[in-house]
Amino acid sequence: MIKLIATDLDGTLLRGDKSLPEEFPRIAEILMKRGIVFVAASGRQYDNIRDTLLPLSDGMYIISENGAINGFGNDIREEKRMSAAAIAAVLGFAARSPVPAKAVCCCARLGMYSDGDENFVSETAKYYLRKRRVAESELYSSPACKIALYCYGRSDELFPLLPEIPDSDAVISGKDWIDIAPRGVNKGSALAAVLVEKKIGPSECLAFGDNFNDREMLSLCQNAFVTANAPEGMLSLFPSVRSCDEDGVVIKIKEIFGL
């Protein structure tokens with residue numbers, strides 16, 4: 001029996017134009033009234049996730065910044081911060097990288113960046129509801145829980161060039177983004193904490209994702225799917241549903257629950 005549904009947003013629940021499937025609010029409301037726990041798990045900023053899914057999100061667990069900043073509704077309960085050495089290493093790499101890389105220091109309620117490139121700022125606005133351009137020196141002293149590197153569609157090229165970052169893990173979050181967070185921080189570890197709190201087992205979880213930053217979360221759940229638009233490396237690991245533009249997540253939820 002499924003007691004919890006966890007889903008990624010971009011490339012998974014949301015369509016390619018970032019819109020929410022029309023049926024999702026109705027379906028989610030029905031299931032939440034039945035006691036099904038919903039978890040929104042994304043690389044996005046916490047407040048951006050909550051705003052995107054309002055008013056339903058006020059009754060959801062939210063895993064943001066790939067598990068670095070987590071909570072319930074409007075209540076952030078957990079921040080896992082990067083060390084000063086890790087922040088300096090990532091920012092230093094971005095400054096000298098042969099593949100263009102622009103950094104966002106992801107703090108609990110604010111995305112901080114110093115580069116004013118128009119394309120970069122426009123893309124950042126899609127995922128960060130609260131953001132501010134600051135002096136580069138402020139990035140080094142920021143209380144960052146994650147650093148997101150925007151790489152202009154070249155994440156596959158940039159990822160192999162990353163040096164070893166102290167006490168940190170890096171993951172490709174999409175063709176444009178690479179995320180660096182404290183070691184062991186991911187959507188899977190954050191979801192595991194929710195399962196303990198709610199006394200729910202992996203066999204009672206249904207999870208959806210698309211990219212490599214969803215892998216630990218999907219591996220934790222016995223009922224896990226990727227959308228058909230996922231990269232081949234993820235499609236080879238998990239069964240698939242229809243693409244995000246075909247509302248694959250909503251269709252699968254309706255099928256499982258007979259709605």
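The values are calculated or read from the model by the stated rules, or taken from the named source; none is laboratory data. Fair warning: this is a prediction, and the values are worked out from it, not measured in the lab. So basically every Cβ, Gly included, is an ideal-geometry build from the backbone, and we count neighbours across all protein chains shown. The area values use the complete protein model at the heavy-atom level, side chains included, leaving out ligands, DNA and RNA. Shrake-Rupley method; radii C 1.70, N 1.55, O 1.52, S 1.80 Å.
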Original post:
Going by the conditions given, is Ser141 more than 21 Å from Gln45 (Cβ to Cβ) and among the hydroxyl-bearing types (Ser, Thr, Tyr)?
Top reply: no
Subject >> Verdict on Gly59 being at pLDDT 95 or above and touching a Gly at 6+ places or on another chain (Cβ under 7 Å) >> reply: yes
Original post:
Among the residues of region 147-158, is there at least one that is surrounded by fewer than 14 Cβ atoms within 10 Å (Cβ to Cβ) and within 18 Å of Ala88 (Cα to Cα)?
Top reply: no
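Restricting region 98-113 to residues that are out of contact with any Phe, Trp or Tyr (no Cβ under 9 Å at 6 or more places or on another chain) and crowded, with 18+ Cβ neighbours inside 10 Å, which is farthest from Pro166 (Cα to Cα)?
Met112
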Original post:
Across region 79-88, what is the number of residues that are open to solvent by 30 Å² or more (accessible area, probe 1.4 Å) and out of contact with any helix residue (DSSP H, G or I) (no Cβ under 8 Å at 6 or more places or on another chain)?
Top reply: 4
**OP:** Could you grab me the full set of residues in region 9-42 that are part of a helix (DSSP H, G or I), closer than 25 Å to Ser173 by Cα and open to solvent by less than 10 Å² (accessible area, probe 1.4 Å)?
**Re:** Leu9, Thr12, Leu13, Phe24
Original post:
Yes or no: Leu259 open to solvent by 50 Å² or more (accessible area, probe 1.4 Å), among the aliphatic types (A, V, I, L, M), in contact with a Leu (Cβ under 9 Å, 6 or more places away or on another chain) and not in a helix (DSSP H, G or I)?
Top reply: yes
**OP:** Working only within region 224-256, note down all residues that are open to solvent by 10 Å² or more (accessible area, probe 1.4 Å), of a type in the set (Ser, Thr, Tyr) and either in contact with a Cys (Cβ under 9 Å, 6 or more places away or on another chain) or assigned to a loop (DSSP other than H, G, I, E, B) (or both).
**Re:** Ser236, Ser243
